[in-house]
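Reviewing the structure listed below.
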Amino acid sequence: MYKATPEQIDAWKNKHDAVFKITEPERKLCAFCRNPTRQEMSYAHQIKDPVKFNEHLLATCWLDGDMEIQTSDSVFMGLGPQIAQLMHAEEVKLEKL
């Protein structure tokens with residue numbers, strides 16, 4: 001299982017808007033990802049195939065960890081429904097004046 005040091009996690013948090021930890025407990029896998037930039041999301045949304053979209057987003061946002069999370073079909077498919085959480089956004093308010 002990959003382990004990031006607290007200092008590494010703090011450095012990622014300081015550099016990126018948000019950092020996410022992915023774990024797969026059965027195989028004891030762990031990885032860290034960041035949220036994508038606006039430009040990265042613009043490119044990703046041009047990908048029509050949902051599996052390729054998820055592959056691209058995971059590879060683009062990958063910081064470090066057990067590569068089996070990216071390469072194992074069963075682990076990758078388990079991550080699929082949660083991959084949208086990488087698209088972290090701040091809550092904003094819009095007020096009509």
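Readers should treat all values here as calculations from the given coordinates under stated rules, not as data from a laboratory. Everything quoted here is computed from the prediction, not taken from an experiment. Positions of Cβ are backbone-derived with ideal geometry, glycine not excepted, and every protein chain shown enters the neighbour counts.
At full extension, GLU68 and LYS13 could sit 17.5 nm farther apart than now, given 0.36 nm per residue minus the alpha carbon distance. For the chain, the normalised intensity computed at q = 0.15, 0.25 Å⁻¹ comes to -0.63, -1.39 (log10 of I(q)/I(0), Debye sum over alpha carbons, equal scatterers, no solvent). Our helix-only sum for the chain, with -39,500 (n - 2.57) per DSSP H run of n ≥ 4 divided by its residues, gives a mean residue ellipticity at 222 nm of -11000 deg cm²/dmol.
Eight or more residues apart or on different chains, and alpha-carbon atoms under 16 Å: count the Lys pairs in the chain matching that. Let's see the in-between values first.
Details: LYS3/LYS13; LYS3/LYS21; LYS3/LYS28; LYS13/LYS21.
For the chain, the number of qualifying lysine pairs is 4.
Projecting the Cα atoms of ASN35, ASN54, TYR2 onto the charge dipole of the chain, computed from C-beta unit charges around the Cα centre, puts ASN35 farthest toward the positive end. Taking the chain as a whole, the Cys residues whose C-beta sits 4.7 Å or farther from every other Cys C-beta are CYS30. Estimated at 0.36 nm per residue, the fully extended path between LEU97 and GLU55 surpasses their Cα-Cα distance by 10.9 nm.
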